[in-house]
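Readers should treat all values here as calculations from the given coordinates under stated rules, not as data from a laboratory. Quick caveat, the model's predicted, so the values are computed rather than measured. Glycine gets a Cβ as well: all are built from the backbone with ideal geometry, and neighbour counts include every protein chain shown.
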Amino acid sequence: MTQAPPPHPNDELRAVLDASGVVGAWVHDHWAGRLALSGDFAGLLGLDPEVAAAGVSLGAFLDRTHPEDRARIESCLHAAGEVGGPIEAEFRTLESEVGTRKLLIRGRVERNAADGTAQGRGIVIDTTENRSADLRQAERLVNRMAEHVIALRALADGLGQANLTKLVDGLMIEIGFELAKFLHEPHTLGPGRTERHH
C-alpha cells in the first residue's frame, strides 16, 4: 500500500493557524496612516481583499469596526504608535453577511528612534466562537443553579423557617435575572451560528 506524501510544512502551519482562529495578518504604517490587511481579515471587515492587501487608510479600517468600539481601537493604535511595543486589542466588526464578528489584533509596534516613524505588524484572531462557547457554558450553569434553588426552596418550606425561605426567595430572584439575560433574541453570527445578546 502506497503512503500519502508527508504534509508540506506550510500546509501544517496553515492548519494550525486555522485551528487557532487566526484569520490573517496586518501591517500598520503609523506615519502614513495606512494598514495592509491579509487573509480573511479583509473579508470579515467587508473590504476587498486585493485592495486591503495593498493598504487602506486608517479611516477606512475604522469605518468597518463597530461604532461602540471605534474610538477605543483608534486610541489603542495611536498609543501603540507613540510608544511602541506589544499591542493587543479586541473589537467587533460591523454587521455583514457573516454577522458581527469579534476579532483580536495582536502584534508589536517598532519605532525608529532616528526619524520617529513607527510600523506595527501582527496577526488577527477571530474570537467569536470562543465567546459563543462561553455564553453557552454560562447558560448551562445558570440553568443548573435554577434547578438547585428550586429544590432548595422546597426544602426550606419543609423547615418552616420564614427567614431562610426569604433568603432562598431572594436567591431565586437573582438567578431569574441571570436567566433573563439568555432569553433575548439570538444574534446571527453566520450560517447556522447564533450568539445571544446580554
(message) I'd like the full set of residues that are outside any loop (DSSP other than H, G, I, E, B), closer than 26 Å to W31 by Cβ and among the charged types (D, E, K, R), limited to region 72-126.
(response) R72, E74, E82, E88, E90, R106, R108, E110, R111, R121
(request) Test each condition in (1) closer than 16 Å to L45 by Cβ; (2) within 13 Å of the chain's Cα centre (by Cα); (3) assigned to a helix (DSSP H, G or I) for E129 and report the one that comes out false. (result) (1)
(request) State the number of residues belonging to region 88-125 that are farther than 16 Å from L37 by Cα and of a type in the set (V, I, T). (result) 3
